[in-house]
Amino acid sequence: MRDASDFLAATRDFYDAIAEDYAEHLADHLTHRPLDRALLRGFAEMVGEGTVADLGCGTGAATAYLGSLGVDVFGLDLSASMLAIARRRHPDLRFEQGSMLDLAIADASLAGAVSWYSSIHTPAAELPALFAEFHRVLRPGGHLLVAFQVGEEPRRHDRPWGRPVVLDFQRRRPERIAALLGDAGFALGSTTVREPDEQLGEAVPQAVLYARKPGASAGPAGA
């Protein structure tokens, strides 16, 4: 098992420190984002039967939404504090602690994986390894959904809610992520970019990429 690098420790410590503040202010973000919910609904339809992992699930908002659609889903996150909130809010769902870069998940065992704004703390040099790990755990025909903020420069969050932590939130170019997914063996299915909603505090466009691991169909209609 690979050792936790500095960025993994920093990410874990950051979210451990702000978990309760995050839950109070941001955990229900999907409620106010109908287009995001529509993309998750479409993903759920394409997955059909089989287990889905919400990788970097935080307090479990996307996990719970997928579960409400009938998806057999579980969440995984680095932060024990975020997971404690996820379990408290969604006691009917399974949540595990772990790193997306070193998943304790068997090869080709998942029907789908979601990385909903969870790759944004991964350094660019580690993205190939991250997407290779996603590819490894998905079965042939498995589905992947990756969401992130669009841009070139990171946004630094320094002492959010007065907590003594700091972390960079990386912004990415959709075409670059699409190329990396292709290098990892995925077939890109769609790229969705929407403009920022300033009323919700968004400063930059938001991107969601859908891709599949080539192979036998994992969906109910050959999706």
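The values are calculated or read from the model by the stated rules, or taken from the named source; none is laboratory data. None of these values were measured; they are calculated from a predicted model. All Cβ positions, glycine included, derive from the backbone under ideal geometry; neighbour counts span all protein chains shown. Quick note on the areas: whole protein, heavy atoms, side chains included, nothing else; ligands and nucleic acids left out. Shrake-Rupley method; radii C 1.70, N 1.55, O 1.52, S 1.80 Å.
Of all residues in segment 133-159, those that are open to solvent by 20 Å² or more (accessible area, probe 1.4 Å), of a type outside the set (S, T, N, Q) and either in contact with a strand residue (DSSP E or B) (Cβ under 7 Å, 6 or more places away or on another chain) or without any contact (Cβ under 8 Å) to a residue 60 or more places away in the chain (or both) total 11.
Residues to consider are G185, G201, G162; find the one that is touching a residue at least 12 places away in the same chain (Cβ under 8 Å) and more than 18 Å from the chain's Cα centre (by Cα). Steps first, please.
Details: G201 fails: touching a residue at least 12 places away in the same chain (Cβ under 8 Å); G162 fails: touching a residue at least 12 places away in the same chain (Cβ under 8 Å).
Criteria check complete, one pass: G185.
Only residues that are closer than 19 Å to A23 by Cβ and under 13 Å from the mean Cα position of the chain (by Cα) were counted in segment 75-113, giving 4.
Looking at this structure, is T63 modelled with pLDDT under 95 and part of a helix (DSSP H, G or I)? Considered against the rule, which asks whether it is modelled with pLDDT under 95 and part of a helix (DSSP H, G or I), T63 comes out as no.
Only one entry in D28, D54, D16 is acidic (D, E) and crowded, with 20+ Cβ neighbours inside 10 Å, namely D54. Filtered by the rule that a residue be surrounded by fewer than 16 Cβ atoms within 10 Å (Cβ to Cβ), at pLDDT below 95 and outside any strand (DSSP E or B), segment 164-194 gives a lone residue, P164.
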